[in-house]
Structure formats: C-alpha cells, structure tokens
Amino acid sequence: MNIVWLLVLMVFYNGSSSRGLGTNVTARPDTVNIGAIFPFDSVIGEIAKLAISIAVEDVNSDPKLLNGTKLILKIQNIKSSDFLGIVEQALLFMENDMVAILGPQFSATVRVVSHIANELHVPLLSFAATDPTLSPVQFPFLVRTARSDLFQMTAVADLVAFYEWREVIAIYIDDDFGRNAIAALGVKLGEKRCKVSYKVPLNPKATKDDITKALIRASSMESRILIVHIYTNWGLQVFSEAKNLMMMGSGYVWIATDWLPTILDTDPSLPTKDIQGVLTLRMYTPESELKTKFKSRWSNLTRARRVNVSYFGLNTYGLYAYDSVWLLANAIDSFFARGENVSFSNGSNLSDLQGGRLNLDALKIFNGGSQLLQNIVEVDTTGVTGPIKFNADRDLINPAFEVINVIGTGTRTIGYWSNSSGLSVDPPEKPQNKLQYNGSSTSIQQLYSVIWPGQTTQKPRGWVFPDNGKKLRIGVPRRVSYREFLNVKGTDITGYCIEVFQAAFNELQYGGAYKFVPFGDGKKNQDPIEVLRSMQNVFWFSIFTQGLDGVVGDITITTSRTKMVDFTQPYFESGLVVVAPIRKLNSSAWAFLRPFTPMMWTVTGLFFLAVGAVIWILERRTNEDFRGPPRKQCFTILWFSFSTLFSSQREETGSYLGRFVLIIWLFVVLIINSSYIASLTSILTVEQLSSPIKGIESLVTGNDPIGFSNGSFAQKYLTDELNIQSSRLVPLNSPEEFEKALQDGPNAGGVAAVIDERGYMELFLSNRCGYSIVGISKGFATSN
C-alpha cells in the first residue's frame, strides 16, 4: 500500500509541476562531469592544462551560470603515441560518465577518440586540432574551438602571392596534421597560380641527422621560399640546423605556421638569433577588456601554481582552451534550461563488449549527447579570444591571423590576414577592412616592411638555379678577328659581348647557372648561320651535337636569322660600311677654286651673264645707263652682273620687272656667296682627304675586287642583294689581312675596298691611318 501511495504522489507531483509552470523543467544536478584529454608535457598541453583548470574554477564561481551546478573536471594525460595505447587510455577515461571532453591536441588522437565519442554520443571540443580534414560529416560529435589550418594555409598562400613568388618548398610533419595542411596549401596556392614545387616530409620522431638531410635536399632545389609546418617540441631545431647549413642568410624566405609564435609566447626568453627574418602567423584574438584582465591574472596565477618555473607565458591555444570551457558551460546551461537531464544507458552496440581487460561493459551512452552538441554549436557569446559563434561548417566565424616578423630579440606585427579583407596593416575588426575580398586580387592588400633573413629589407626574389638542375649551355664562337668583342682562350672567355651578357644576366629577376660552350675551329670565323640552323631542332641538336640553349656573340640580326631563332634587344647599332684607302689633298695657290667644281663654276658664270642680259633687255629702252655703243653695252652687261656679288653696281634699275629680277638674283648670289665662303674656310682649315671610291655604288658599277670578312653575312648580301659577281669578292680573316689587301690595291692582288660591319670597321680604323669609311650600305643591328 505504501508503494502505491508513493507512485500516486510522484505522478501527482509531476503533473502539477507541469501544469503550474507551463514548461518542462527538470531539477539540475549538483555536479556534471567533463573531461580533458591531451599530453601534459607538450608546449600546448602545459598551458592548456592550467587554462582549463582556471576556467573551471571561474565557471564554478559564477553564480549566474549553471544555477548552482558545478563542473567536475577529470584530466587524462595521453602519453602513448601508438594507436593501441591511445585507444586503451581513451576507453578507460570514458568510463567516468562525462557529458563532454576537451581535447585532444593531436589530429591523429582526435580521429581515434572521435570514433569512440561518436559511439557514446559525447561531444568532443578540440582547442588544438587544426587538421582541415576533420569534418563534422565524418566526426559528427567533434567541435573545433580553434582555427582550422585551411584558413592558415589560405593566409600563407596570400603571403606568397602578395610578394609575387610562384613556387614554395613545404617542410612538414609526415602525419595527418602535416600532410593534410600542406595538401590544403597546395590547393590554395593553385588558386593563385602558384605551387608547392617540392615537399620535405619529416618523421614525427626525426633525429638531428634526419633534419639535416632533409634541409640539404631542400637547399638543392630552385625555390628559396620555405614553409615550415611542424610541431612545437622540436621546431626550433629545424632553424638551428638551417643556420648551420647557411640557409638563414640573404635570398632565403622562411614562413612558419602558428607553432612558432606558440613557442615564443610560452617562453619569451628564448633566444631568436637562429630565426632572424622569419615570417610567421599567429591566430588573431582581438584586444578586449576581458582578454586584458585575463592576461593580467595569468602571471600571478602561474607564479602561485608553478613555483619552480620562472616564466610560463600564455599562448593563443591557452586562450582557446579557456574559452572552450566557457563555451561548454554555456551549452550545458542551455541544455538544462530546455528541461534536459544528464543520463546514461547501455546501448545495444555495447552489450556484446562485456568483459576483457579494457572493461568495455562499463562504457555508457550519454542520452542527451545530441542535444548538448546542438546547444554547443548554437552558442553565441564572447570570450577572451573574441566572438564565439559557429558557422554552418562548425568553424568559428571571422578567422584571422597576425603576420609577424621575427627581428632582433623579439617580434613585430607587420599586418593581419582575414578571410574578409585579405592582408592589411589594420586589425580585421576595423570598419575599413570590411571590404569585399575575392581571395585573388592583391591590389588592395598591404603589409608593413619586412626585415628578411640576412638583415636586408630588399624583397628576396625567391628563386635560384638548383644545384642539381641543368646548366644553360651558352655557345660562344671562336673568333679569329676582332677579339675585343669576343676572345676565347681555353676556359678564359672575355670580351665586350661577354660583359654585356653577364650584365644583362645579373639584372634578371631570377638567378641561374650557365656555362660557355665554344664552337668553331679557331682558324677562321665560323658563319653563325650553321649554329642557328642547328638550334631550330633542339632535340636533334642535343643528341648529336651537345645542343646549346643560346649563343652569345657579335651576331648581326638579319631577316633570315630571325626566322630561325629569337634575338635579344640589340646592344649596339651596326650596318655594312665601305672602307677604302684615302689620300691627303695638299693646299695650293689655286685652293680658292676648290669650293666649286668646274661644272659649278661654269653654270654660275653663265647665270651671271644671263641675268645681266635680262636686265639689259628690260632697262635699255628707258634707262640711259644701259644705252650707248655696242661695246659699252656689252661691258655694262658684264659689269652689272658681276658687281652684284658686292652690291656695288652703279647702274640703277628703273622698271619694276627689272627690279623684281634683280631681287631674286641678289638672293641667289647671297646663297652662292655663303656657300663659297664656308667651303673655302673648310678647305683652308681642315685636312682634306680623298678616295677614288665614293661609296657602295661606285663599287657595284666597277670591276675592282672587294674584300669582306670571312664568315660574315656580307658575302650573301653583296651577291644576292647587290648582284655583285662572287668572283670579285675576296674573303679576309683578320684586320691584318684587311690592311695588307688595301695597301696592295686592286692592281697588285689586293682589293679596292673592304665591306664589313660598322663595329668592326670602327675598331679597325681606331689604330690605323690612311683608311676611312667612304660609304654606308645598309643598317642592321647586333645582338646576343
């Protein structure tokens, strides 16, 4: 009977409570068990353990949250790195009937524990697992409370594109954490037409020798942009070995992910001499009053709790661990506010797992796990890390990173990255950074200046020719003549063309390696057309004649040659010129007749007489000065015409037509007089040289032999373009042969003139007298 009355009272109580309050309110428990599972000896684990403990104390001391329910924290130290060890420790830990678990830290551990959490319906809040492939589709009870590496790799890709680099080398841990992040980096770089050109995976248990060998492989590659994505426990050792290998100097670019600022924030006293100039990223947490108060508490709390540690700095993962507890507490409060209660049951999936060393029959399913998970992802609050709110993919909203440059004894923030504004010198929360960022344009992005490795502010070009790469084979002709342009003496190759090539090569944005490959027998100048034809078919040429990638030399650009190969811009003007012997014209008493030719003198005299006759005809009827006996009139005509040279004629012209003719004639006389004076002055003051050859035209019309440089295109031009018989052409190999042939002349087995390129002829004339350029044929250009 007592039992019956007890049941009646329970039914009456439940019914009256429901009708009276109008809501389904369940009494809250006094305590709720939550767990934390991660390694205590890691840089992140040390800080997270203390931050979580502080957060639990703060939640329990807040009377407005949970309405009297206290959180009971149970922490498990995951020490094993093997799969079975992780499973065993996780299963034993899950026997404690916990409603949620904080952690784990490593992605591999998260994957194992997440499968167990899925079966037991226990939400898993990871504040440190950043693997971008940890999807809520595969792990429905996993909630990431920190930033995914997908956003961090997007920021790295933006940095690479911002500085206009195209290839990077990735150094990473060869596990899920490293491989998946670098895969995401490859995708983001591909969107910006960049790529990971070489990957350097490191074993999680890598030794010093392993790191050294990996860095040596990386240094032999062409890219000098190195992305380092590894763990905090031995990350600095990579930079230490890189410095020993001279890889921390000028030309290198090192970009470290957020593991580096995690170490530096945890222990700011660490020396930074091995990481000077490194760029790194830190998860951005906006400044707030809440964050400032917590950081001010941290130092005192760490001193009180860790008396044997001189400094225990707060890193970003500690902030996220602290906020994860508050996130969970808010979700539990909402869970209870909806009338849910904490209960566990033995599911059908666990009924067959009884017995055994792992005591699997002690595992129970959290009945309210799905609802608590929903409450977690619906939380909208603010913590020490900023706004805490999840998007549809269960990622925290507003992902952002600080871009940091390690300089001197500390670091300097040179900008920020966010998915809304890209790279900017202003924090992401500023209104001007709310612009639409499409992820591809770098025109609106900006950063402060960087001090790169090697203490330089000049942006590294990011590329060198790889040590194991093929060197460019540059052909150089063995010239017989004019070695001032190109001189090959064994392995010593010098000359003006080589200096131009090296100066241009040094101006390239990217470096490279090359070697000179001489060609020709050195006995005569080889026609470059033979080499250029061979370069048209690189495959054939490389097999049979050890092919060339280019040619350096004084090779003239012609139409036929441009159809076979590409030329650089010309570095000096050229053209075929005619050089012939000259003789000096001596001055004499009759030098005053030399300004004009005999024909010019005759024409000028006739014009004088003609003008005099015209004036006489126009003036004789009306002008007394032009009348008289025939003898007088002839004398007047001669006198009047020649006196116009000095403007001293005494006869006056009366007719308008006569005056008009006279004005025109005086203007002509002025021109003749000026030309004569100028020419005579030049004859009397400047040495006069003369040559029987007046230009290329006189050579074409004549029959004298013509010299040309052996191997030059001049022979083809003279025969094909000017139709000069090849029998008249005499090949010459050296300036000495040029001089001898010109001295001998056409009558003694020599030549009347030599036709060659201007550059060669000017060099020929620079130290030889008695010869001169007497004609120009056609303009060309000389180039490498």
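The values are calculated or read from the model by the stated rules, or taken from the named source; none is laboratory data. Here the structure is a predicted model, which means the values were calculated and not measured. Quick reminder, even Gly has a Cβ in these numbers, built from the backbone with ideal geometry, and neighbours come from all protein chains shown. Keep in mind that these areas ignore ligands, DNA and RNA; they rest on the heavy atoms of the full protein, side chains included. Shrake-Rupley method; radii C 1.70, N 1.55, O 1.52, S 1.80 Å.
For this structure, a couple of remarks:
- With an a/c value of 1.5 or above and a/b not larger than b/c for the gyration tensor axes a ≥ b ≥ c computed over the alpha-carbon atoms, the range 133-212 is described as oblate.
- Straight-distance crosslink candidates among lysines, where the alpha carbon sits under 16 Å from Lys188 and sequence neighbours closer than 8 are dropped: Lys199
- Gyration tensor verdict on the range 689-776 (Cα atoms; rounded if a/c is under 1.5, prolate if a/b is larger than b/c, oblate otherwise): rounded
- Protein heavy-atom accessible surface, 1.4 Å probe, per residue over the range 207-283: 34 Å².
- Packing-based order for 670-677, 188-195, using average beta carbon neighbours within 10 Å, highest first: 188-195, 670-677
- Only lysines eight or more places from Lys523 in sequence, or on another chain, were considered; those with a Cα closer than 22 Å are Lys489, Lys716, Lys740.
- Of the residues Trp601, Trp616, the one with the largest accessible area comes first in the ranking Trp601, Trp616, computed with a 1.4 Å probe on protein heavy atoms.
- Between Asn703 and Gln374, the distance separating the two model label sites (each 7 Å from Cα on the Cα→Cβ line) works out to 11.5 nm.
- Rounded accessible area per residue of the range 689-776, 1.4 Å, Å²: 48 Å²
- Of Lys79/Lys295; Lys213/Lys515; Lys273/Lys470, pairs whose Cα-Cα distance is over 32 Å: Lys273/Lys470
- Note on Lys205: aspartates and glutamates with a C-alpha under 17 Å away, same-chain residues under 8 apart excluded, are Asp41, Asp82, Asp174, Asp175, Asp176, Glu241.
- Greater than 30 Å apart at Cα, pairs in Lys291/Lys430; Lys192/Lys430; Lys195/Lys563: Lys195/Lys563
- Near Ile498: Cβ cut-off under 14 Å, other residues only, Lys/Arg at +1 and Asp/Glu at -1. The net charge is +1.
- Highest average first, the peptides 738-750, 57-69 ordered by how many other beta carbon atoms sit within 10 Å of their residues are 738-750, 57-69.
- Sequence ranges 36-44, 374-382, 320-328, ranked by mean other-Cβ count within 10 angstrom, highest first: 320-328, 36-44, 374-382
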